[in-house]
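Coordinate-derived values only; no laboratory data. Predicted model only: the values in this text are computed from it and were never measured. Note that each Cβ is placed from the backbone with ideal geometry, even for glycine, and that neighbours are counted across all protein chains shown.
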Amino acid sequence: QQEGYNPMSGCLPVLIQFPILFGLIDVIYRPLNHIVRLNKDMVNSLKEIALKVATETNPSYFNSFSKEINIIEAVKNHSQAFIENGISADIVNKINSFDMSFLGMNLGQVPKWEFSLLVLIPILSGVTSFIFSVVSMNANPSNDSAAGATKTMMFVMPLFSVWIAFTVPAGVGLYWILGNVFGLIQSVILNKMINPREYAERARQELAEAKERERQNKIEAKRKIKDGEVKPEDAVAAKALSPKEIARIKLAAARKRDAEKYGEEYVEVTDDDLK
């Protein structure tokens, strides 16, 4: 509040990315609806036909999250059978022309631990996430209390990225990789333009100067009260001194007056007197 900074503002980039990520997942899982523009009834009709003609495919695949991706594969493998079962040639041709491949990889498939190009998606997702975490940590050094948590996250996030990339279609993993790469480039450029270490050092200096000014103000306030220039209740003095310090000054002044009036020995005020 004092610096006009809201710590939650750092969550804004993540809050922006999540709707995009979930929207991308839905598009990849439902390409017939979002890209080929087939309605729900047509998709259900295609599924029923796929269950009859695609006997080499596990029937449960057509009831899973990736059912539309599996329907596309069934149509491509049994185009004539779909036409014979009442699906127009125009729709079959649209589905056959739909391609989710990129650099030889089918982005609609979920990567598996097997020798294929798709397995590179989760691996690169973890590697780019780790590099991004290292660069970010080096650019923004944490204090001792936060260093342990930061180092833990540096390893947890890449592992989380790998796990996610093995459970969703490769297109989502590719999005994750590109996000890490662009974030890395952005971090490097910003660190060259605006060095966080320099700003942190400047902030420490400003804090030290503010504390020194506060200390000098208290010394000056005490002097003014002692010399009678201001009263302890004065707004300037009240702002510069704590209530305990003001109480100490008041009690000391009262004791001095009594000592001068009655010829008694002046006794310094202690913390016990202020309890």
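Computed values, structure above
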| item | result |
| --- | --- |
| Residue-wise HN-Hα coupling along the stretch 170-175, computed from phi with Karplus coefficients 6.51, -1.76, 1.60 (Hz; x: Gly, Pro) | 4, x, 5, x, 5, 4 |
| Peptide ranges 119-129, 257-267 listed from the most packed, as the mean C-beta count within 10 angstrom indicates | 119-129, 257-267 |
| Net lengthening on full extension, Asn33/Val127 (0.36 nm per residue, minus Cα-Cα) | 30.5 nm |
| Greater than 27 Å apart at Cα, pairs in Lys40/Lys112; Lys218/Lys250; Lys151/Lys211; Lys211/Lys256 | Lys40/Lys112; Lys151/Lys211; Lys211/Lys256 |
| Residue-by-residue Karplus 3J(HN,Hα) for the stretch 24-37, coefficients 6.51, -1.76, 1.60, Hz, glycine and proline x | 5, 4, 5, 5, 5, 6, 10, x, 5, 7, 7, 10, 6, 6 |
